Amino acid sequence: MSALITPELVALDTHLGSEPKDVIRRLAELVVQSGRATEIEALYADALAREAKTATGIPGGLAIPHCRSSAVLEPTLALARLSTPVDFGSKDGPADLVFLIAAPEGADQEHLKILAKLARSLMKKDFTAALRDASTAQQIVDLVGNVVAPVPVAAGAHAAGAAENANAGTGPAQSGAESTSRGRIVAVTACPTGIAHTYMAADSLVAAAKAVGVDLQVETQGSAGVTPLDPAVIAAADAVIFAVDVDVRGRERFAGKPVINAPVKRGIDEPGRLIEEALAAALNPNARRVSGTVDLGGASDEKSEHLGQKLKRALLTGVSYMIPFVAGGGLLIALGFLLGGYEITEVADDVVINNSLFNLPDGGMLIYLGAVFFKIGALSMGFLVPALAGYIAFAIADRPGIAPGFVAGAVAGFMGAGFLGGIVGGLLAGVVAVSIARISVPRWLRSLMPVVIIPLIASIVASGLMFLVLGGPIALLTVGLSNWLNGMTGASAVILGVILGLMMAFDLGGPVNKVAYSFAVAGLGAASLANQAPWQIMAAVMAAGMVPPLAMALATVIDKKLFSLSERENGKAAWLLGASFISEGAIPFAAADVFRVIPAAMLGAAVTGGLSMAWNITSKAPHGGMFVFFAIDNFLLFVLAIAIGTVVSAFAVVGLKRYAVRKPAVVDAAPVNA
């Protein structure tokens, strides 16, 4: 394992610029110059994107910009001791010690443990003081080396620094006379990259709890792995703190506990206040509590959600889990067509069953591989409706909802109710499952509820209703809708393309976008040479969804002065995101200027959707953008439609930014640090 830092990665008592972006870029240059990363721009953009999510300044004059990047070859630390401190967003002032932590996309666990250990060490004043006193780069390297090697891994150490601070409240829960006087708290810390903030927040919380006499134990859900808290510790806790910027894994373990939710950076900046809030919540019978199937009557932390918000969350969850089946399956089907021709649909079953690599069918290897790819893709696409329904139910009722949701989705597919039936079946299964979970049952029966009783009864009720009452009408509606769409030609088809384009750009990956996308992929299974309407709809949706990020990228080139530096950097990444059909690449622009970016994006996407339908462009792949050119007929027209929409949106957003007056009330350019 190579050294984390070398003298070439240290810049001492130097001026690297007046803004965080300047310092990050100079440190990224050091990493590339040392041969530990391949490209400055890629590393710089990834680090800047992470900085945009949460400022990385921490108390004590420190800043820890960090990221995972495909440009990084090995885990690396670059350090700058600044002669002129720079404001990285810490509440106590600018930073003079800046550490750029760069990790490869697939860093192994041992490297990640080293990075986590380094992040924890930055919370120690004697370590940072020694770094400030060092006179040479080699002394810096030696100090870091002494901290990170060797890497002790304490058994059962689920809290920050358990091996380094045995009395910090990270061991087994205390009891009896040894118990702390102010109560017991458990916490979970997690950040998007899981490299630095996760562990520093844990250490800050532990230290603050020790100072006020609170027994606090932390589960760090970071890149270095997760050791879950002992269930007995969770059961004995008075409250829980979630200092996280991502979803908590195994959230249901904390069901019913009073909860304080906060960004992970607040765990670093204000650990004492979080602990006081958690202690107050423990004494408040009306405090927000962690929801879950174990919580049979306690207040829920989702109680404040409106019905519409709950439906939105459930539908988006179902679609997000469904997309991998669709994307992978659709691309495999497209590869099957590429290798075996469109007639492969008629012979695929026979070929894969009766032939092998050593017994090739007529047509040889290409026909055989085409049949295999097509069949794998078709089987994957067969999970579309069950996965949609299963994870809609999961979003409503947690794990007990998955099985009845999948069953209801399978019934919807069997009945011909399709995508709409999957939504209805998933909602039914989830509602029934969560209703059963709220019934009070004897203690001896509780352990059987989530694994036997709830899935059984919810499957019977939801699937029974689909069979007996709802499946038939929904199937008739689905068939009627499909026939209507398949019969669209001329102006009506263009109007449909315009509508789909507007939907794809309306919320850039949100519920409206996902409805349009799901509508398109749901019809792919019915497409054929004789019925190409579903392929045309898929092409219109994909082309329109590519326009917003490409348009924002082009706009940053047309007039750079209208965009901030971070937006211009996001614009560089948006070229690739747009070409890959990732509409979310335009979100940073929309978040900063929603009332000018979204209308402009919708305008260009509508133009592209309409042109795609007018020119009869088809796509047999549900995802991939330009990279699935082999699955797109009339590919040059596909590119032209996208280019026209991109130009329209780009000039529209530039025009709106130049001439449309923006009300001061909506200006919020500065990031808010929790």
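The values are calculated or read from the model by the stated rules, or taken from the named source; none is laboratory data. All figures in this text were calculated on a predicted structure; none of them were measured in a lab. Every residue, glycine among them, receives a Cβ derived from its backbone with ideal geometry; neighbour counts consider all protein chains shown. These accessible areas exclude ligands, DNA and RNA; they are computed on the full protein's heavy atoms, side chains included. Shrake-Rupley method; radii C 1.70, N 1.55, O 1.52, S 1.80 Å.
Summary of computed values
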read-out	value
Region 1-138, relative contact order [Cα under 8 Å, separation at least 6], %	27 percent
Whole-number accessible area per residue in Å² for region 25-71, which is evaluated in the context of all protein chains at 1.4 Å	34 Å²
Formal net charge of residues neighbouring Thr38 (Cβ-Cβ distance under 15 Å; K, R +1; D, E -1)	-4
Debye log10 I(q)/I(0) for region 361-470, one point scatterer per Cα, at q = 0.10 Å⁻¹	-0.36
The chain: angle of helix 197-211 to the longest principal axis, Cα-based, in degrees nearest 10	40 degrees
Residue-count net charge about Leu316 - beta-carbon cut-off 12 Å; Lys, Arg +1, Asp, Glu -1	+3
Cα-Cα P(r), the chain, percent of pairs per 20 Å interval	16, 42, 36, 6, 0
Calculated from backbone phi, Karplus (6.51, -1.76, 1.60) coupling profile of region 605-614 in Hz, x at Gly/Pro	5, 5, 4, 5, x, x, 5, 4, 5, 5
Degrees separating the helix 454-465 axis from the principal Cα axis of the chain, which is the longest one	30 degrees
Value of relative contact order over the chain, rounded to a whole percent, pairs C-alpha under 8 Å and six or more apart	9 percent
For region 562-602, accessible area per residue (1.4 Å probe, heavy atoms of protein chains only), Å²	41 Å²
Within the chain, helix-based [θ] at 222 nm, where runs of 4 or more DSSP H residues each add -39,500 (n - 2.57), nearest 500	-17500 deg cm²/dmol
The chain: antiparallel DSSP beta bridges as a percent of all, rounded to 5	35 percent
Calculated FRET efficiency for the pair Met365/Phe467, C-beta based, R₀ 45 Å, to 0.05	0.55
Potential lengthening between Phe630 and Phe414 on full extension [0.36 nm per residue; Cα-Cα distance subtracted]	74.6 nm
Within straight-line cross-link reach of Lys91, lysines at Cα separation under 16 Å, skipping those fewer than 8 residues along the same chain	Lys265
FRET efficiency estimate (nearest 0.05) - Cβ-Cβ, Leu448 to Ala530, R0 51 angstrom	0.50
Leu565-Phe358 pseudo-label distance in nm [points 7 Å out on the Cα-to-Cβ vector]	6.4 nm
Fully extended contour minus Cα-Cα distance, from Thr14 to Asn286, at 0.36 nm per residue	92.6 nm
FRET efficiency for Asn616 and Asp22, using Cβ-Cβ distance with R0 set to 35 Å, rounded to 0.05	0.10
With Cα atoms, 0 to 90° folded angle of helix 511-522 axis to the chain main axis	40 degrees
Spatially proximal lysines relative to Lys312 (Cα-Cα < 23 Å; intrachain offsets below 8 disregarded)	Lys303, Lys514
Net +/- balance of residues flanking Leu16 in space, Cβ distance below 13 Å, scoring K and R +1, D and E -1	-1
Derived scalar couplings ³J(HN,Hα) [region 29-41; Karplus, 6.51 cos²θ - 1.76 cosθ + 1.60; whole Hz; x for Gly, Pro]	4, 4, 5, 5, 4, 7, x, 9, 8, 9, 8, 5, 4
23 Å Cα-Cα reach of Lys572 towards lysines, excluding residues that sit fewer than 8 places from it in its own chain	Lys21, Lys53, Lys560, Lys561, Lys657
At most 14 other Cβ within 10 Å, DSSP loop - trypsin sites (Lys or Arg not before Pro), region 400-507	Arg438
